[in-house]
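**Q** This is the structure, below, for whatever I ask next.
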Amino acid sequence: MLEAPPPPGAAILLVDDHPANVVALEAILAPLGHPLVTVSSGEEALRQILRRDFALILLDVQMAGLDGFQTANLIKQRPRSRYIPIIFITAVGRDAAHVFRGYSEGAVDYLVKPFDPDILRSKAQVFVDLYLKEEQLKAQEKLLREHERAALQRAGEERYRQLLDGLPQSIWAADAEGHITFWNRAGLAYQGRDSGPVTDESLWGALHPEDRAGVREEFRDGIARRVAFERQLRLRRASDGSHRWHLVRVVPEWAGDGSLSGWIATATDIDDQKKAEQTLREAIGLREDFLSVASHELRTPLTSLRLEVENLLRFARRSAGDAAAGVATRVERIDTQAARLNHLIDELLDVSRLAAGRLELQIEEVDLAEVVADVRARLADEAQRRGCALDVRAIGKTIGSWDASRLDQVITNLLSNAIKYGAGKPIQINIDAAGDRVLLAIHDHGLGIPPEDQDRIFHRFERAASSRNYAGIGLGLWIVKQIVDALGGVIKVDSRPDRGSTFTVDLPRKRPTAPGPLSAAGVRAEAQQGAN
Ligand code: ADP
């Protein structure tokens, strides 16, 4: 059952099991004008004390059930009621022990019947006054705390605003529904004002017309989902009327009770960055075009040059005499240099093909062991000149669905590197197979690669610090990696400076159906990464 809330004011609790006594007490105290609550047992008194505060308790000592002393004892045990003053009233026992017990149970006074009504009234008034003073003090203290808290909050808000005003980004605050309530100084300045009414229109009006519909929808969606969101959009700058790209982040603001109190949005000007990105993309495009055109144009005269060199060489070798021998030696040197030039142009052409996503694979059945044997035969002279013995360990025919000429290119590049950087020491080429994968490892004992360069060397135009004194432009391994990737394989290097290198190519016998990362977009992304 619901009990009515207690009346306000400094109430006095009267506890006596004799109705006549209660009536008499009421009559004495009524003139004070304070609420009087009467009960006829200790138990009821305890219940009342649970419901409300009292300024004073008048407690009969002799009661059936809980007597006055027991009741007082229980009242004093509860922290909330411990300090309520208690006056004991009794008709019996004026002896010292009785009085002493009353005080030891926490009584502030002890009245024996018959007592003087005026004395009781004036005593009650003293306690009620004390109680009221204390309540007033408490109320004042509370008020003071509230004032302090409000002042602190104001100071906090002020600091917060100053902080927001000091930031270079445009910042706005909105209520829980997304309606704008505040712009910081940078935001207002961007709109060409230093104050003025803050409305939603201040944002929507500044938005680029093309962005409006999309942004509205995204904002509505984000606000409904009550999660942070961000998007790039164009905002009109009042000073010159230009629309500049901004990255806008909108984050929810939560109140202490966990409810959504509003939104804070920051708009960071990324226009310069976006333009730089665009310029970079165009520059990369131009570079690719230049590479492609230049290498094609270089190749045509070089091809006829090499043909002429070949003819001349044949002619000189057929002729007799020292002069002819001298010419042959010189023409051989020209041929060697022309071959290097040809190789360089081939690499550049491959780069532009790969960058444009135009590397087409001719997949057919290929024997890896045979390709290795071909490459080895082709590079045998060069290896011998550099003093590197070539040792091939194959497992017989190793068939897979690959592109023979691209595989040849991979092995040629890796073996040429092993010879070039192999310091004249023996080189091992191993072919192994594990299930439907094939492993090709080329192991040299040369100058090795510092650990910090081992990832880098697979990127375009990247070379290890250790190879500074060797000719090369850092494209071979990049091309190798593109081809291996396109065939669905993986290339790794294991190397230590001055202790040689092992390049391992792990190839599936059949290319997985998913397209390899051989798209122009992939290459462009990588090129950009390199530029960053
Ligand atoms: P290039 O040899 O033309 O510089 P590559 O792309 O073939 O270009 O190789 C990139 C770099 O990797 C080389 O410059 C070299 O620093 C390092 N490198 C490649 N292979 C080896 C190897 N077998 N031993 C030591 N360093 C190597």
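The values are calculated or read from the model by the stated rules, or taken from the named source; none is laboratory data. Computed from a prediction, not measured in an experiment: that's the story for all the values here. Cβ atoms come from the backbone with ideal geometry, glycine included; neighbour counts cover every protein chain shown.
**Q** Looking at (1) more than 12 Å from the ligand (Cβ to nearest atom); (2) among the charged types (D, E, K, R); (3) free of Cβ contacts under 8 Å to residues at least 60 places away in the same chain, which is the one condition that is false for residue 511?
**A** Of the numbered conditions (1) more than 12 Å from the ligand (Cβ to nearest atom); (2) among the charged types (D, E, K, R); (3) free of Cβ contacts under 8 Å to residues at least 60 places away in the same chain, the odd one out for residue 511 is (3).
**Q** Considering region 36-57 alone, what residues qualify as being of a type in the set (A, V, I, L, M, F, W, C) and part of a loop (DSSP other than H, G, I, E, B)?
**A** 54, 55, listed by residue number.
**Q** Test each condition in (1) more than 30 Å from residue 288 (Cα to Cα); (2) within 40 Å of the chain's Cα centre (by Cα) for residue 387 and report the one that comes out false.
**A** It fails just one condition, (2).
**Q** Further, regarding this structure: Could you go through region 388-411 and let me know if any residue there is away from the ligand (no atom under 16 Å from the Cβ), in contact with a helix residue (DSSP H, G or I) (Cβ under 9 Å, 6 or more places away or on another chain) and charged (D, E, K, R).
**A** So far as region 388-411 goes, yes, one or more of its residues are away from the ligand (no atom under 16 Å from the Cβ), in contact with a helix residue (DSSP H, G or I) (Cβ under 9 Å, 6 or more places away or on another chain) and charged (D, E, K, R).
**Q** Here's a follow-up. Does residue 36 count as surrounded by 12 or more Cβ atoms within 10 Å (Cβ to Cβ) and among the hydrophobic types (A, V, I, L, M, F, W, C)?
**A** So residue 36 fits the description; yes.
**Q** Now for a different question. Which one of these does residue 485 not meet: (1) part of a loop (DSSP other than H, G, I, E, B); (2) more than 24 Å from residue 391 (Cα to Cα)?
**A** Among (1) part of a loop (DSSP other than H, G, I, E, B); (2) more than 24 Å from residue 391 (Cα to Cα), residue 485 violates only (1).
**Q** What number of residues within region 436-462 are more than 41 Å from the chain's Cα centre (by Cα) and more than 8 Å from the ligand (Cβ to nearest atom)? Please lay out each step first, then the result.
**A** The initial filter retains those residues of region 436-462 that are more than 41 Å from the chain's Cα centre (by Cα), namely 442-447.
Those still in the list that are more than 8 Å from the ligand (Cβ to nearest atom) too: 443, 445.
Residues flagged as more than 41 Å from the chain's Cα centre (by Cα) and more than 8 Å from the ligand (Cβ to nearest atom) within region 436-462 amount to 2.
**Q** If you go through region 118-138, how many residues are in contact with a helix residue (DSSP H, G or I) (Cβ under 9 Å, 6 or more places away or on another chain) and basic (Lys, Arg)?
**A** Looking only at region 118-138, we keep the residues that are in contact with a helix residue (DSSP H, G or I) (Cβ under 9 Å, 6 or more places away or on another chain), and these are 118, 120-121, 124-125, 128.
From what is left, the residues that are basic (Lys, Arg) are 121.
Final tally of qualifying residues: 1.
**Q** Could you check residue 385 against (1) within 16 Å of the ligand (Cβ to nearest atom); (2) assigned to a helix (DSSP H, G or I) and say which number it fails?
**A** Unmet for residue 385, out of (1) within 16 Å of the ligand (Cβ to nearest atom); (2) assigned to a helix (DSSP H, G or I): (1).
**Q** Take the conditions near the ligand (Cβ under 9 Å from one of its atoms) and more than 14 Å from residue 413 (Cα to Cα) and apply them to residue 496. Does it pass?
**A** So residue 496 fails the test.
**Q** How many of the residues in region 463-493 are more than 7 Å from the ligand (Cβ to nearest atom), within 18 Å of residue 416 (Cα to Cα), surrounded by 15 or more Cβ atoms within 10 Å (Cβ to Cβ) and not β-branched (Val, Ile, Thr)?
**A** 2
**Q** Surrounded by 12 or more Cβ atoms within 10 Å (Cβ to Cβ) and either at pLDDT below 95 or part of a helix (DSSP H, G or I) (or both), is that true of residue 373?
**A** Working: surrounded by 12 or more Cβ atoms within 10 Å (Cβ to Cβ): yes; either at pLDDT below 95 or part of a helix (DSSP H, G or I) (or both): yes.
Here the answer is yes, as residue 373 does meet what is asked.
**Q** If you don't mind, another one. Tell me which of these residue 514 doesn't satisfy, since it passes every other one: (1) at pLDDT below 95; (2) among the small types (Gly, Ala, Ser); (3) farther than 26 Å from residue 359 by Cβ; (4) assigned to a loop (DSSP other than H, G, I, E, B).
**A** Every condition holds for residue 514 apart from (3).
**Q** Could you please give the count of residues in region 209-249 that are in a helix (DSSP H, G or I) and either touching a Phe, Trp or Tyr at 6+ places or on another chain (Cβ under 9 Å) or of a type in the set (Asp, Glu) (or both)? Explain how you work it out, then say what you get.
**A** Residues of region 209-249 in a helix (DSSP H, G or I): 209-225.
With the extra rule that they be either touching a Phe, Trp or Tyr at 6+ places or on another chain (Cβ under 9 Å) or of a type in the set (Asp, Glu) (or both), the set shrinks to 210-212, 215-219, 221-223.
Number of matching residues: 11.
**Q** While we're on this one: Contact list please: Cβ distance under 9 Å, first residue in region 280-301 and more than 20 Å from residue 339 (Cα to Cα), second residue assigned to a helix (DSSP H, G or I) and at pLDDT 85 or above, pairs at least six apart or on different chains.
**A** Within 9 Å, the pairs are 288/351.
**Q** Follow-up question, since we're still on this one. Filter region 412-435 down to residues that are free of Cβ contacts under 8 Å to residues at least 40 places away in the same chain and touching a helix residue (DSSP H, G or I) at 6+ places or on another chain (Cβ under 6 Å) and give me whichever is farthest from the ligand (Cβ to nearest atom).
**A** Ranking the candidates gives 424 first.
**Q** Taking the stated definitions as given, is residue 226 of a type in the set (Lys, Arg), in contact with a strand residue (DSSP E or B) (Cβ under 6 Å, 6 or more places away or on another chain) and farther than 23 Å from residue 167 by Cβ?
**A** For residue 226, the condition - of a type in the set (Lys, Arg), in contact with a strand residue (DSSP E or B) (Cβ under 6 Å, 6 or more places away or on another chain) and farther than 23 Å from residue 167 by Cβ - is met.
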